[in-house]
1. Could you grab me the full set of residues in the stretch 262-281 that are under 15 Å from L299 (Cβ atoms), at pLDDT below 95 and not in a loop (DSSP other than H, G, I, E, B)?
2. Please state which of the following conditions A127 fails to meet, knowing it meets all the rest: (1) at pLDDT below 95; (2) within 25 Å of P46 (Cα to Cα); (3) buried (at least 24 other Cβ atoms within 10 Å of the Cβ).
3. Just the residues that are away from the ligand (no atom under 16 Å from the Cβ) and hydrophobic (A, V, I, L, M, F, W, C), please, taken from the stretch 158-185.
4. Determine which single condition K234 fails, assuming it passes every other condition in (1) more than 18 Å from A69 (Cβ to Cβ); (2) away from the ligand (no atom under 16 Å from the Cβ).
5. Which count do you get for residues in the stretch 105-126 that are among the acidic types (D, E) and without any contact (Cβ under 8 Å) to a residue 60 or more places away in the chain?
6. Of L89, L102, which residue is without any contact (Cβ under 8 Å) to a residue 12 or more places away in the chain, more than 11 Å from the ligand (Cβ to nearest atom) and not polar (S, T, N, Q)?
7. Anything in the stretch 51-89 that is modelled with pLDDT under 95 and acidic (D, E)? List them, or say none.
8. Being among the hydrophobic types (A, V, I, L, M, F, W, C), within 16 Å of the ligand (Cβ to nearest atom) and surrounded by fewer than 24 Cβ atoms within 10 Å (Cβ to Cβ) is the filter here; which residues of the stretch 66-86 pass it?
Amino acid sequence: MIGGAVDVGGVSAHDIVDQPTGWQAALDAVEQNAAVVRQRWTRKRPAHIVITGCGSPFFLASAVAHLLADSGAVGVPITLATADELRRLPATVAPSPASTLLVAISRSGATTEVINAIDRFRAEGGADVWGLTCRSNSPIVERADLAITVDAGFESGVAQTRSFSSMLVAAQAIAAVLGGHDLADAADLAAIGRRCIDIARSNVDQLDLGAHTNRIDFVGSLTNYGLAREAMLKMSEMALTSSAAYHVLEYRHGPIAMTDEHSLLVGLLSPTDTSSELLVLDDVVQLGGRTVAIDASWLPSDSTALPTWARPVLQMPALQMIAHRRAVVMGLDPDHPRHLKAVVHLDGDDTTRSDN
Ligand code: F1P
């Protein structure tokens, strides 16, 4: 249990703790489609990639842009756009649609803006659409040339937790396939993820997340920036707590002004640039703020045996647990985020409705 009484937030707690099942399903889904992924990429050779989504998937898109860029095989410009930007400004976001690959991400596969964006991209002559979703039976799958679906990543909770992580694993694996890596090298990801969750649970239980903490910010760079933004969203959705997310070194360029004895800064530290990033956390401590670094001490020692491409997701359970525990400590129920629906359908839209 992640803090508090067993029944408060129990659904999302289960989603978080059980998420390695979704990670394994994501690896399996990409393995099954690996040949198609390689073939489509080689045949279409896009000159531009646009990645889109709404909410959590938009922040996932930010991480995916870095995963694809890091894969070494892609080497083309990558644009990140909300689905609303793409549907309203297709010529700006994707000026050469016939040579552009659109990667559309949506847990439900049914969010109206995402479906509209795909349809608009197609109407403009869009070349190729890859969909990433947790619903096989969904409008995004009907529209995609290549769909990677991770149904086992779908959660009953409204706020995305295991779905985000499972789609992240799928994206990590797609980037690995394009980069020529062997997915078998990550065969232990789910088992290591379970040990990671045990460590995160005990670490998060020891954090003081009570009412005197009035804001909880997150920093992360490159791929970790998308994960930091997703953590910020969890803090808003589940815990109704003021939160912001920045690239690590950007924190000194303004946001650090918010630091005081009531603030907490959570840092997702890059494995390759820890020293300059740690100095930012040191500065915050000097100013009287509290910090937590999600670093190697949050990971089981055998996680270093995983290939680099497989590791980003290991940080997600800790971030989700921090938001979940903050919610419970503050007397909120993270299973029922205020004002939210699991899927946003725009008024008058019947085309995207499914059973989600
Ligand atoms: C996107 C999303 C969620 C958010 C909320 C509303 O849904 O914005 O991220 O938590 O519940 O919908 P989807 O396109 O991934 O189904």
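1. Hit for the stretch 262-281 is T274, nothing else.
2. For A127, the exception is condition (3).
3. Here is the first cut: in the stretch 158-185, the residues away from the ligand (no atom under 16 Å from the Cβ) are 172-185.
Passing the criteria: A173, I174, A175, A176, V177, L178, L183, A184.
4. (2)
5. Going residue by residue through the stretch 105-126, those that are among the acidic types (D, E) are 113, 119, 124.
Filter again for without any contact (Cβ under 8 Å) to a residue 60 or more places away in the chain, leaving 119, 124.
Within the stretch 105-126, residues that are among the acidic types (D, E) and without any contact (Cβ under 8 Å) to a residue 60 or more places away in the chain number 2.
6. On the way: L102 fails: without any contact (Cβ under 8 Å) to a residue 12 or more places away in the chain.
Among L89, L102, only L89 is without any contact (Cβ under 8 Å) to a residue 12 or more places away in the chain, more than 11 Å from the ligand (Cβ to nearest atom) and not polar (S, T, N, Q).
7. D70
8. Taking the stretch 66-86 and keeping what is among the hydrophobic types (A, V, I, L, M, F, W, C), we get 67-69, 73-74, 76, 78, 80-81, 83, 86.
Now restrict to residues that are within 16 Å of the ligand (Cβ to nearest atom): 80-81, 83, 86.
L80, A81 - these are the residues of the stretch 66-86 that are among the hydrophobic types (A, V, I, L, M, F, W, C), within 16 Å of the ligand (Cβ to nearest atom) and surrounded by fewer than 24 Cβ atoms within 10 Å (Cβ to Cβ).
The values are calculated or read from the model by the stated rules, or taken from the named source; none is laboratory data. All values reported here derive from a predicted model rather than from experimental measurement. Positions of Cβ are generated from backbone atoms using ideal geometry, with glycine treated the same way; all protein chains shown enter the neighbour counts.
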